Amino acid sequence: MSTSSLTLKVVSPQGVVLKAEATSVKFPGEDGLFGILPRHAAMTSLTASGLLHARTTQGEEIEFVIHDGFAQVRNNVVTVLTRSAEKPGEIDLDRARAAVKRAKTRMLEQRAEIDLLRAQMALRRALIRERLARRR
């Protein structure tokens with residue numbers, strides 16, 4: 001690794017999803033979009049559901065949909081720990097639409113055993129997946 005690149009690691013409960021040398025990384029943080037370049041100051045942030053984008057040292061564009069977790073930048077290494085990570089082109093649009101419908105139904109039921117916050121988070125994740133799946 002040179003001082004003009006950084007290492008990007010994306011890790012989900014299934015294991016290491018990606019490890020690559022990159023010239024830039026963008027990811028959704030809880031407070032907005034973060035852009036990371038080589039020699040970035042050390043930081044840790046909560047991540048939000050959304051699109052992680054990176055440009056490799058070979059010029060390849062990499063995109064993953066990530067969902068809730070955190071990111072750490074330290075010594076030219078960006079580590080993203082996320083609930084899940086998938087490539088936008090691998091999202092099943094019908095499944096994403098069904099998840100949106102299911103989450104909306106749960107939110108409207110207003111039964112005591114339904115955790116409204118969890119239903120809202122599920123709806124947010126499903127809407128992001130649906131929007132990115134339609135992009136292809």
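The values are calculated or read from the model by the stated rules, or taken from the named source; none is laboratory data. Not measured: the values here are computed from a predicted model. Positions of Cβ are backbone-derived with ideal geometry, glycine not excepted, and every protein chain shown enters the neighbour counts. Accessible surface is based on the protein model in full, side chains and every heavy atom, while ligands, DNA and RNA are left aside. Shrake-Rupley method; radii C 1.70, N 1.55, O 1.52, S 1.80 Å.
Structural remarks
- Rolling a 1.4 Å probe over the protein heavy atoms leaves Asp115 with an accessible area of roughly 70 Å².
- Between Gln58 and Glu90, the distance separating the two model label sites (each 7 Å from Cα on the Cα→Cβ line) works out to 1.8 nm.
- Annotation: Ile91 carries an accessible surface of approximately 0 Å², with a 1.4 Å probe and no ligand, DNA or RNA atoms counted.
- For the chain, the fraction of 1.4 Å probe accessible surface lying on carbon and sulfur atoms is 50 percent.
- Put simply, the convex hull of the Cα atoms in segment 48-136 casts, on average, a shadow of 6.9 nm².
- Averaging 1/r over every pair of different alpha carbons in segment 1-108 and inverting the result gives a Kirkwood radius of 14.5 Å.
- Projecting the Cα atoms of His40, Leu123, His53 onto the charge dipole of the chain (Cβ charges, centred on the Cα centre) puts Leu123 farthest toward the positive pole.
- Residue of Pro28, Pro88, Pro13 that the Gaussian network model of the chain assigns the largest fluctuation, springs spanning Cα pairs under 10 Å: Pro13
- Among Ala20, Ala42, Ala96, residue whose mean-square fluctuation peaks in a GNM of the chain (springs only between Cα atoms under 10 Å): Ala42
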